[in-house]
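Reading through the C-alpha cells given below for one structure.
The values are calculated or read from the model by the stated rules, or taken from the named source; none is laboratory data. Since this is a predicted model, take the numbers as computed values, not measurements. For neighbour counting, all protein chains shown are included, and Cβ atoms are generated from backbone atoms with ideal geometry for every residue, glycine included. Side chains included, ligands, DNA and RNA excluded: accessible areas come from the protein's heavy atoms. Shrake-Rupley method; radii C 1.70, N 1.55, O 1.52, S 1.80 Å.
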Amino acid sequence: MEPSVLSLLPPLVTIGLAIVTKRIILALIAGIVLGSLLAAEWSVTGAAELIWDVVSGLVVADGEIAEEMYISAFVFMLGVLTSFIYIAGGTGAFAEWVTRRVRTRVQAKLVPIVVGIVIFFDDAFSSLVGGNVSRSVTDRRRISRAKLSYLVDSTAAPVIVLVPISGWAAFIAATMTGIFEDNGITVRTGYEAYLRSVPANFYAITALVFVFAVALLGLNFGPMRRHEERAVREGVLWDETRGRVP
C-alpha cells in the first residue's frame with residue numbers, strides 16, 4: 001500500500017467506535033480488520049493472511065516462543081494470583097485494616113494512590129491489586145468506580161515508568177542499549193540513558209501531579225463528575241445500564 005491519508009482511518013475508526021459503542025474489544029477488532037484490508041489493498045484473502053501472519057508471529061518468532069506469550073502468561077498468572085488473594089480473604093482483611101484508619105473521602109481516595117506507589121515493579125500487577133484492595137474502602141465512602149479506575153490507572157503506569165528498578169525501566173534500558181549498539185553509540189549505556197530521560201518524562205510526572213490533585217482537591221472531569229455526584233447522592237457506584245460491576 002502506498003503512503004496515504006487513508007492510513008489514519010483504522011485508528012480513527014477504532015477510537016470512534018470505542019466512544020460510541022463503549023465496546024473496546026469490538027472497536028479494536030474493527031480497527032485491525034480495516035487496517036489489514038488497507039494494507040492488503042482491499043483483498044479479503046490478503047487481509048486474512050496478513051492477520052494470520054501477525055497473530056502467529058506473536059506466538060512463535062524465529063522458531064521460538066515469542067516474548068509476547070511470556071508477557072501474556074505473566075499477566076494471566078498475576079490475575080490468578082490476585083483472585084486467590086481475594087478469595088482467601090487477604091483483600092478483605094487489608095480493606096478492614098485500612099477502613100479503621102480511613103475517616104474521610106479524601107483519605108479513601110489516597111488509598112489506591114499509595115498502593116500504586118508501593119507496588120512499583122509492574123503496572124499490570126499494580127492495577128490488579130490496587131483495584132481489588134481499594135474498592136472495598138472507596139465503596140464505603142461512596143466513591144464511584146469511575147473515580148477509582150482513574151486513580152488506579154493514573155498511578156500505576158506513571159509510577160512504574162519513573163522508578164528505575166521496575167519492569168518498564170529494564171525494558172526501556174534494554175531497548176536503548178539495542179539502539180545504541182546498532183548505531184555504534186558508546187558514550188553511555190542504555191540504563192544511563194534511561195535515568196537521564198526520567199526528568200523529561202513529562203506525561204508520567206504530570207499524570208501523577210493530576211492524580212494527587214484530583215484526590216486531594218475533589219476535582220472531577222467529564223462523565224466522572226456525573227458518576228461522583230450520583231455516588232454521593234444515591235450511593236450508586238457504577239453505571240447500572242452496563243450491568244453490575246463486582
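Restricting the search to the range 30-47, which residues are open to solvent by less than 60 Å² (accessible area, probe 1.4 Å) and among the aliphatic types (A, V, I, L, M)?
ALA30, LEU34, LEU37, LEU38, ALA39, ALA40, ALA47
Considering only helices (runs of 4 or more DSSP H) fully contained in the range 176-246, which possess at least 2 residues that are closer than 17 Å to TYR150 by Cα and touching a residue at least 40 places away in the same chain (Cβ under 8 Å)?
Here the list reads 202-217, 223-234.
Looking only at the range 4-19, count every residue that is surrounded by fewer than 11 Cβ atoms within 10 Å (Cβ to Cβ) and over 21 Å from the mean Cα position of the chain (by Cα) and tell me the total.
Counting residues in the range 4-19 that are surrounded by fewer than 11 Cβ atoms within 10 Å (Cβ to Cβ) and over 21 Å from the mean Cα position of the chain (by Cα) gives 3.
Residue by residue through the range 79-110, note down the ones that are closer than 11 Å to ARG140 by Cβ and assigned to a helix (DSSP H, G or I).
Answer for the range 79-110, where residues must be closer than 11 Å to ARG140 by Cβ and assigned to a helix (DSSP H, G or I): ALA95, GLU96, VAL98, THR99, ARG105, ALA108.
All but one of (1) more than 21 Å from GLY92 (Cα to Cα); (2) open to solvent by 60 Å² or more (accessible area, probe 1.4 Å); (3) in contact with a Lys or Arg (Cβ under 9 Å, 6 or more places away or on another chain) hold for VAL214, so report the exception by its number.
(2)
Under the condition of being among the hydroxyl-bearing types (Ser, Thr, Tyr) and modelled with pLDDT under 95, which residue from the range 194-208 is least open to solvent (accessible area, probe 1.4 Å)?
Here the residue is TYR194.
Tell me, yes or no, whether the range 181-193 has at least one residue that is open to solvent by less than 40 Å² (accessible area, probe 1.4 Å) and under 20 Å from the mean Cα position of the chain (by Cα).
Looking through the range 181-193, none of the residues is open to solvent by less than 40 Å² (accessible area, probe 1.4 Å) and under 20 Å from the mean Cα position of the chain (by Cα).
Which one is most open to solvent (accessible area, probe 1.4 Å) among residues in the range 53-93 that are modelled with pLDDT under 70 and touching a strand residue (DSSP E or B) at 6+ places or on another chain (Cβ under 8 Å)?
Ranking the candidates gives GLU67 first.
Sort out which residues of the range 140-171 are hydroxyl-bearing (Ser, Thr, Tyr) and open to solvent by less than 10 Å² (accessible area, probe 1.4 Å), and write them in order of number.
Hits for the range 140-171 are SER144, THR155, SER166.
Among the residues of the range 103-147, which ones are closer than 17 Å to VAL214 by Cβ and of a type in the set (A, V, I, L, M)?
VAL106, ALA108, LEU110, VAL111, ILE113, VAL114, VAL115, ILE117, VAL137, ILE143, ALA146, listed by residue number.
Looking at this structure, is LEU50 in contact with a helix residue (DSSP H, G or I) (Cβ under 7 Å, 6 or more places away or on another chain), of a type outside the set (Phe, Trp, Tyr) and closer than 24 Å to ALA146 by Cβ?
Against the criterion (in contact with a helix residue (DSSP H, G or I) (Cβ under 7 Å, 6 or more places away or on another chain), of a type outside the set (Phe, Trp, Tyr) and closer than 24 Å to ALA146 by Cβ), LEU50 does not qualify.
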